[in-house]
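What follows is a short report on a single structure.
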Amino acid sequence: MEPIGSAASNSRVSGQGGPDKRPVLSRFKQQQLPAWQPILTPLPVILTFVVIGLIFLPVGVALLIASNNVTEVVYRYDKLCPSSPSPVACNQTLNIPRKMSKPIYVYYRLDNFYQNHRRYARSRNDDQLNGKAVTKYSGLSACDPVKSANGSRDPNDFFVPCGLIAASVFNDTFSFGGGAVSVSADGIAWQSDVKKKFKDVPSGSPGIRILNPTLFPKGQTDERFIVWMRIAGLPSFRKLWGKIDQDIAAGPLSVVISSTFPVSSFSGKKYLVLSTTSWAGGKNNFLGIAYIVVGCLAIAIAVTLFVLHKLKPRRLGDPNYLRWK
């Protein structure tokens, strides 16, 4: 054993080295710096709740006003325009309640479609989506059960892109105002996806293309396809289909729907959504209401604590409130 006052023992205690690698004996590393520990007396607590209420209430009101200024039209069309394998024009009329100022965003909404299913979410090949030609059958194992045309191991029978997500891509189309209202698909996908994650497969590479060139003229770099490939976390979701860069007046608006995406097999629903935006984003009354509710609760708690403090004050640190066993 070493004597307590030995050099080796002192070196370990002072942090000068040693096998135990203790931290240096400093006030910072030994947590001996001065600290401030607040004591929550009644008045600071009451003032804190008042400040929270005064902040949350106006923010909630502003969010609610911004949401109410957003014009949104939601139109269910799956029963009015039944799906068919071949495109069939379905003429419908939307009622625009008030003038919609540009930009106007066009969404499609699906209900009861579980993109978050584990097997569905994994059924893709990221190398293939990034523009790399896959020549080995083993490279498409993640795309099960949609990876080859006839189950063979021939590289020329690969689907491009493969997987359930790409095979079930949303393929309904919309045309507004008899073609007078143009819809653009540029800028609707995440720029990180467009620039880094999705590239078209080089021409002449093996595989069978399954993307319709009429619906997706840019192939795997088409932004409508990229939006679909970013899976939704909930069974009811909406995805951006396009953007209208012109104002739409209040009143009837004709729309021609080509309904080819089937939903009856899984008891789903299809909606067409037109929406403007505000500084707070799209229409979302819940966020403003939540802020208002929290602000009101904070004010109510502050008033309750103030009344209790005045009616039944308690001296801080009074030993009479201690209970000894």
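Couple of notes before you dig in:
- The stretch 97-138, residues that are of a type in the set (Asp, Glu) and within 30 Å of residue 256 (Cβ to Cβ): 111
- Selected residue (criterion: farthest from the chain's Cα centre (by Cα)) from residues of the stretch 149-160 that are under 20 Å from residue 212 (Cα atoms), surrounded by 11 or more Cβ atoms within 10 Å (Cβ to Cβ) and at pLDDT below 80: 156
- Screening residue 192 against (1) without any contact (Cβ under 8 Å) to a residue 60 or more places away in the chain; (2) under 29 Å from residue 268 (Cβ atoms) leaves a single unmet condition, (2).
- Inter-residue pairs, beta-carbon under 6 Å, first farther than 13 Å from residue 120 by Cβ and in the stretch 157-179, second basic (Lys, Arg) and surrounded by fewer than 17 Cβ atoms within 10 Å (Cβ to Cβ), 6+ apart: 160/209
- Scan of the stretch 286-325 for residues that are hydroxyl-bearing (Ser, Thr, Tyr) and exposed (fewer than 13 other Cβ atoms within 10 Å of the Cβ), ordered by number: 304, 321
- For the stretch 60-116, a residue qualifies if it is among the polar types (S, T, N, Q) and in contact with a helix residue (DSSP H, G or I) (Cβ under 8 Å, 6 or more places away or on another chain), and the qualifying residues are 67, 68, 83, 112, 115.
- The single condition among (1) in contact (Cβ under 8 Å) with a residue 12 or more places away in the chain; (2) on the phi < 0 side of the Ramachandran plot that residue 265 does not satisfy is (1).
Residue-by-condition table, conditions (1) within 26 Å of residue 275 (Cα to Cα); (2) over 23 Å from the mean Cα position of the chain (by Cα); (3) buried (at least 19 other Cβ atoms within 10 Å of the Cβ); (4) charged (D, E, K, R):
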{"site": "167", "(1), (2), (3), (4)": "no, no, no, no"}
{"site": "180", "(1), (2), (3), (4)": "yes, yes, no, no"}
{"site": "195", "(1), (2), (3), (4)": "no, no, no, yes"}
{"site": "198", "(1), (2), (3), (4)": "no, no, yes, no"}
{"site": "217", "(1), (2), (3), (4)": "yes, yes, no, no"}
{"site": "222", "(1), (2), (3), (4)": "yes, no, yes, yes"}
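- Looking across 212, 150, one residue alone is out of contact with any Phe, Trp or Tyr (no Cβ under 8 Å at 6 or more places or on another chain) and touching a residue at least 24 places away in the same chain (Cβ under 8 Å). It is 212.
- Answer from 278, 254 - the residue that is touching a residue at least 40 places away in the same chain (Cβ under 8 Å) and farther than 30 Å from residue 171 by Cβ: 278
- Among the residues of the stretch 66-82, just one is over 23 Å from the mean Cα position of the chain (by Cα) and over 12 Å from residue 271 (Cα atoms), namely 82.
The values are calculated or read from the model by the stated rules, or taken from the named source; none is laboratory data. Here the structure is a predicted model, which is why all the values come from computation and not from measurement. Methodologically, a virtual Cβ is constructed for each residue, glycine included, from the backbone with ideal geometry; neighbour enumeration extends over all protein chains shown.
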